[in-house]
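Asks: Got a structure here, written out as structure tokens. Questions coming.
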Amino acid sequence: MDEPKVTGTKPKMSSTRMILLILGFLSTLAVIALIAVAVTQNQPFPKNIKYGIVLDAGSSHTNLYVYEWPAEKENDTGVVKQVEVCKVEGPGISGYSHATEKAGPSLEQCLQQAKEVIPSAQHKETPVYLGATAGMRLLRLQNESAADKVLSSVENTLRSAPFNFQGARIITGQEEGAYGWITINYLLGNFKQSGWKKLLHSLKSLSETSGALDLGGASTQITFVSKELTSESPENQLYFRLYGKDYQVYTHSFLCYGKDQALQQKLARDLQTVDNSLLPDPCFHKGYERTINISDFFKNPCTSEKKKQLPFNQLYIKGEGDYQKCRENIQNLFDKSNCPYSSCSFNGIYLPPLQGDFGAFSAFYFVMNFLNLTSEPKPLALNKVTSTIETFCARPWQEVKTAYHHIKEKYLSEYCFSGVYILSLLENGYEFTENNWQMVHFLGKIDSSDAGWTLGYMLNLTNMIPAEEPAGPPLSHGSYVGLMVLCSLVLVSVLLFAWLLLHKPKCLQKGIV
Ligand SMILES: Nc1ccn([C@@H]2O[C@H](COP(=O)(O)OP(=O)(O)OP(=O)(O)O)[C@@H](O)[C@H]2O)c(=O)n1
Ligand SMILES: [Ca+2]
């Protein structure tokens, strides 16, 4: 009686199994197809690289930078990177005031280097910009026609290069500060976060941008986001809308407070008190001697106010290597006596309360890096920085010269002065004290790009930082493919599990395993 039952069930079971098998096979095929499509269809386009050139015509020298970025991602943040830097031989372009026609040709060697880095088919479309900073600002104040001639000489040279010439001009101190701030925040990825990072950011309300401190040869800039709503000093206030966010930025550029001009200012003050041509100087090492020609000394706008008739033409500087005396001497450069605002840095210049972390670059970095004081991620304590500089200044010149024979004498002889000047500027000038010293991070590069104003300048002039956040996929290609694979695996596992439940293979039946 049982027999028909048995014969009737058998074909029913095998058809279910058959259907499940086909289903399993088809879904596996579907998953494989899904992954294949995800990987191939969503692959980033083959790289179409664009290039841009910026020449930083600083007071002490000119640097040529070549940047590159993938054409399709122009508006993303953090995609532009430096691929080449070329240091122009000789002085900065302002140093050609007596032979203005030679300023342009001095750039030729670096332009040649750029031609080699950028594929020739792209030369014509590659924009080239030259921005001159404080050296040229000073030359313009001292001798405007010489400054114009220097600029037209560099313009002629740049126009005759095979690139797309976009201008050679003296940028303002405000621009220099602002573009330096844009550069470091762009490179640090502070402007735009996508996907999870954005969510994390809004949850943790992380500090959003980093301030920028730039120390050149002739000027220095301080730039940071200030939440102070009332702007007491409008000329120090900038407004940006970047990637859909508003930023209120404070900036100031101190002309004559770059490290070379600060030294000139210091010497001009020292000259007020000397009665002979010998000047003992605590900011140079013991045993160091330097002769200064004073016939042109007071023609410089940074020293002209202190002009004095002297009965000698040459000044002989003799190093003393005395940190304390040097510090007191330099401190006189920062006039803290009057402030027409609620708070000031020095010389009656408005400074809102310091806020957030700061990236300190250019000479801040060169000097502190030489003195081994750039330790990251945790910056050194201020007293350690002070004692290191004090010890360095006390070393005799002969010993320093032997220990660092590979370093240019012009740089080496001034690291004591520069170290003390940086301390004085940060501590006395801006009031970074023991409590907030650790907010300052000395950095030369971020990834492969130098910290400085040039990248921000190019990003702005090529409209590569949009005001509004560009619409784009919320996930990167990698995360997208990863998510697809994960979902597919889950799908396969569910199907497999369902099949096992229905089929109950012998090996999983109780008593067999
Ligand atoms: N390894 C180095 C490189 C440069 N310097 C010094 O650092 C100073 C500033 O250099 P830089 O930032 O390049 O200044 P510039 O851009 O030329 O000047 P500015 O921005 O004021 O126009 C100069 O005194 C230079 O001699 C240094 O001490 N050590
Ligand atoms: Ca500079």
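The values are calculated or read from the model by the stated rules, or taken from the named source; none is laboratory data. Small disclaimer: the values here were computed from a predicted structure and weren't measured. Cβ sites come from the backbone with ideal geometry, for glycine too, and all protein chains shown count toward neighbours. When the accessible area is computed, the model is the full protein with side chains, heavy atoms only, and any ligands, DNA or RNA have been set aside. Shrake-Rupley method; radii C 1.70, N 1.55, O 1.52, S 1.80 Å.
Asks: Express in nm, to one decimal, how much length is gained between S342 and S231 on full extension, taking 0.36 nm for each residue of separation and deducting their alpha carbon distance.
Replies: That works out to 38.9 nm of additional length.
Asks: With +1 on each Lys and Arg Cβ and -1 on each Asp and Glu Cβ, and nothing else charged, work out how big the dipole of the range 49-170 is about its Cα centre, in Debye to the nearest 20.
Replies: Its charge dipole is roughly 200 debye.
Asks: At 222 nm, what helix-only mean residue ellipticity would the chain give, in deg cm²/dmol to the nearest 500, using -39500 (n - 2.57) for each DSSP H run of four or more?
Replies: -12500 deg cm²/dmol
Asks: Where nothing but the Cβ of Lys and Arg (+1) and of Asp and Glu (-1) is charged, how large is the charge dipole of the chain around its Cα centre, in debye to the nearest 20?
Replies: With Lys and Arg at +1 and Asp and Glu at -1, about 1900 debye.
Asks: Can I ask one more? Mind checking which of I118, F224, F366 is farthest towards the positive end of the chain's charge dipole, using Cβ charges of +1 (Lys, Arg) and -1 (Asp, Glu) about the Cα centre?
Replies: Result: I118.
Asks: Ranked highest first by the average count of other Cβ atoms within 10 Å around their residues, in what order do 411-421, 339-349, 166-176 fall?
Replies: Averaged packing, sorted descending, gives the order 411-421, 166-176, 339-349.
Asks: While we're on this one: Over the Cα atoms, compute the radius of gyration (one decimal) and Dmax (the largest Cα-Cα distance, rounded to a whole number) for the range 260-330, in Å.
Replies: In Å, with Rg to one decimal and Dmax whole: 11.7, 31.
Asks: Could you give me the percent of Cα pairs per 5 Å distance bin for the range 49-170, shortest bin first, beginning at zero and ending with the bin that holds the maximum distance?
Replies: So the P(r) values, bin by bin, are 2, 12, 22, 23, 17, 11, 7, 4, 1, 0.
Asks: Turning to a different aspect of this structure: According to a simple spin-label model (label point 7 Å from Cα along Cα-to-Cβ), what is the distance in nm between R290 and D357?
Replies: Going by the 7 Å Cα→Cβ label model, 3.4 nm.
Asks: Report the charge-dipole magnitude of the range 260-330 in Debye, nearest 20, computed about the Cα centre from +1 at each Lys and Arg Cβ and -1 at each Asp and Glu Cβ.
Replies: In debye, rounded to 20, the range 260-330 gives about 120.
Asks: Can I ask one more? Between T172 and V490, how high is the FRET efficiency from 1/(1 + (r/R0)^6) when r is the Cβ-Cβ distance and R₀ = 45 Å? Nearest 0.05.
Replies: Step by step, r from the Cβ atoms, then E = 0.20.
Asks: Now, a different point. Please sort through the DSSP H helices of the chain and keep those with an alpha-carbon extent of at least 15 Å along the long axis and a Kyte-Doolittle average not below 0.5.
Replies: 3-41, 477-503
Asks: Leaving out ligands and nucleic acids, and using a 1.4 Å probe, what accessible area per residue does the chain come to in Å²?
Replies: Using a 1.4 Å probe on heavy atoms only, each residue of the chain averages 51 Å².
Asks: How large is the convex hull of the C-alpha atoms of the chain per residue, in Å³?
Replies: In the chain, the Cα hull volume divided by residue count equals 220 Å³.
Asks: Order the peptides 240-251, 56-67, 362-373 from the highest to the lowest mean number of other Cβ atoms within 10 Å of their residues.
Replies: So the peptides 240-251, 56-67, 362-373, ranked by packing, come out 56-67, 362-373, 240-251.
Asks: Under a point spin-label approximation (7 Å from Cα along Cα-to-Cβ), what is the S160-K408 distance to one decimal in nm?
Replies: Between S160 and K408, the label points sit 2.6 nm apart.
Asks: Sort the following peptides by mean Cβ neighbour count (other Cβ atoms within 10 Å, averaged over residues), highest first: 129-137, 295-303, 425-433.
Replies: 129-137, 425-433, 295-303
Asks: With 22 Å as the limit, write out which pairs from K266/K308; K259/K445; K115/K149; K384/K408 have Cα-Cα distances beyond it, or answer none.
Replies: K115/K149; K384/K408
Asks: Let me ask another. So, R0 is 56 Å and r is the distance between the beta-carbons of N369 and I22; what FRET efficiency does that work out to, to 0.05?
Replies: Efficiency for this residue pair is about 0.25.
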